[in-house]
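This report concerns only the one structure given below.
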Amino acid sequence: MTSESAHTFTKYGWLVCLWVLTVSFQYGYHTSALNQLQAVLTCKIADTTTPMYYGLPTCIPMSDATFSVVTSIYTLGGFFGSLSANIVMDRYGRKGASRLSAVLTAAGSAVFGLSSSVGPLILGRFLVGLAAGLGICLCPIYLSEIAPAKIKGNLGVLTQLAIVIGIMVTQGMGFGLATPRQWRLVLFISSGISIFQYLISPFVVESPSYLNRKGLVDQEKSVIRRLWGEIHRVSRTDPEERDSEEPLLSDSDSATERLSTGRQPAMTIPQVFASTELRQPLLTIIAAMTSQQISGINAVLYYSNDILSQSLPELASYVSLAITIVNFFMTFPPIFLIERVGRKQLIQLSVAGALLSHLAVGYGLNSDLVTLSSIAITTFVMSFAFGLGPIPFVIISEVAPPHAVSAISSVGLSLNWSSNFVIGLIFLPLRNFLANGDPMKEGRVFYLFAAALFCSTLWFSKLYRG
């Protein structure tokens, strides 16, 4: 029986899938965790009658600048986590890397939740960022390597879905827990989830591809039987396609092929940069990750309240939650469309919608058309969610050979984190500079994002052959 005939997971396989997705959920969870908590955390909303609760202060006084440092240190941790992800994944395996991510998240969340001053807040936030950077590199690769070929692309979209669910959960929790006495629960809940993830890890299997590269063929067969229900053998005629599906190989009949290709030593980041053969997949992932961030999605998510604050001052938190809910529902279509429509086509449709939305947001803000700006921001998030959001994660393991996928993933996701940080840092100053103090010109920044996204997508389309 060929790999293509394995249509889905066993029940155990789906549980492993959920376990892996926990790291992406935590990434989204902490991306949004402080949004709703800012006022109570920084003492803008304080409980003057009870300054201490269970021996901890009900808030920690800090300026907006200090709070920005606490928030952005998460991105710095994410950058270093992604940069080191290939070393961790290749040394300790996909499962071992997941366990480390869980430990870092549990420790970082606990430190943050027990903090009584700014220093521990920064430390906790940095540890959680390290975990997120490691996890966001790990999850797409792990899922790809355990997935049956029939649902490999569909399953890859779940990484983005888990991120969006994490964001939505913390935004929703903020309505009930953003109080001086309860805000720490948001962090303790995250810590508890990661502790549970770590405790059940002995019952989770390692990636078959990783076991294959280590020469553990018998363990590989046993793992695939538990994930798919029976041993499957890959039968491919096209060498390029066979290489792209190598993580799913398992049968001893292909042992000779594995010895020559599957067990190549894992490449480091410097080796990937030096390799002319890997230049195409490396540039493809760099272009995909650049397009994702240069679209301005995080600027919109970070500053949607600020963008529309003059028109909707009393509905700020509800606007953010509504945008997140839209993002959640629009992440479902690519799960079903990715294999039917194709990766490149979904990206192109997504970019077309994002470009039109950018132009509409800019025009609406410059013309004081509040309704148009609000609708356009929503359609932009919708457009991002079904293409630009999930596809870059899906294609990592498809364009990179098994021995280089960890290193290429680290490079791509490190660039993603650094781009995220830079865009978040410059968005408001750039908007103000282009507007030159005129509120009726604040939409100009969206024209700039539209032009940058158009150029980066052209670059990606020339590189990606999918």
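The values are calculated or read from the model by the stated rules, or taken from the named source; none is laboratory data. Being a predicted model, the structure only gives us computed values, none of them experimental. In this analysis, Cβ positions are derived from the backbone assuming ideal geometry, glycine residues included, and neighbour counts consider all displayed protein chains. Side chains are part of the model used for accessible areas, which takes the heavy atoms of the whole protein and leaves out ligands, DNA and RNA. Shrake-Rupley method; radii C 1.70, N 1.55, O 1.52, S 1.80 Å.
Ranked by the mean number of other Cβ atoms within 10 Å of their residues, highest first, the peptides 162-175, 364-377, 394-407 fall in the order 394-407, 162-175, 364-377.
Working note: Karplus 6.51/-1.76/1.60 with θ = phi - 60° gives the stretch 222-228 the couplings 4, 5, 5, 4, 6, 7, 10 Hz, where Gly and Pro are set to x. Distant-in-sequence amide contacts of Tyr53, defined by a placed amide H-H separation under 5 Å and a gap of 5 or more residues or a different chain, comprise Thr58.
Phi angles of the stretch 178-194 translate, via the Karplus equation with coefficients 6.51, -1.76, 1.60 and θ = phi - 60°, into HN-Hα couplings of 7, 10, x, 8, 10, 4, 5, 4, 4, 6, 5, 5, 4, 4, x, 4, 6 Hz per residue; Gly and Pro are given as x. Ligands, DNA and RNA left out, the accessible area of the chain computed with a 1.4 Å probe is 65% carbon and sulfur.
Per-residue 3J(HN,Hα) values for the stretch 199-204, derived from phi via the Karplus relation 6.51 cos²θ - 1.76 cosθ + 1.60 with θ = phi - 60°, read 5, 8, 4, x, 8, 9 Hz in sequence order (x marks Gly and Pro).
Each residue, Asn432 and Phe329, gets one label point 7 Å from its Cα in the Cβ direction; the gap between the two is 3.6 nm. Checked against a 31 Å cut-off, the cross-linked pairs Lys152/Lys462; Lys11/Lys214; Lys221/Lys344 give Cα-Cα distances beyond that limit for Lys221/Lys344. With the contact rule set at Cα under 8 Å and sequence spacing of 6 or more, what percent relative contact order holds for the stretch 1-117? Relative contact order of the stretch 1-117: 24 percent. Note on Val341 and Leu15: their simple-model spin labels are 3.5 nm apart, each label 7 Å out from Cα toward Cβ.
Loop-located trypsin sites (Lys or Arg not before Pro) in the stretch 121-187 (DSSP state other than H, G, I, E, B) with a sparse environment of at most 15 neighbouring Cβ atoms within 10 Å: Arg181. Relative to the longest principal axis of the chain, what angle (0 to 90°, nearest 10) does the C-alpha long axis of helix 405-435 take? Result, in degrees: 20. Left without a cysteine partner by the 4.7 Å Cβ rule in the chain: Cys17, Cys137, Cys139, Cys455.
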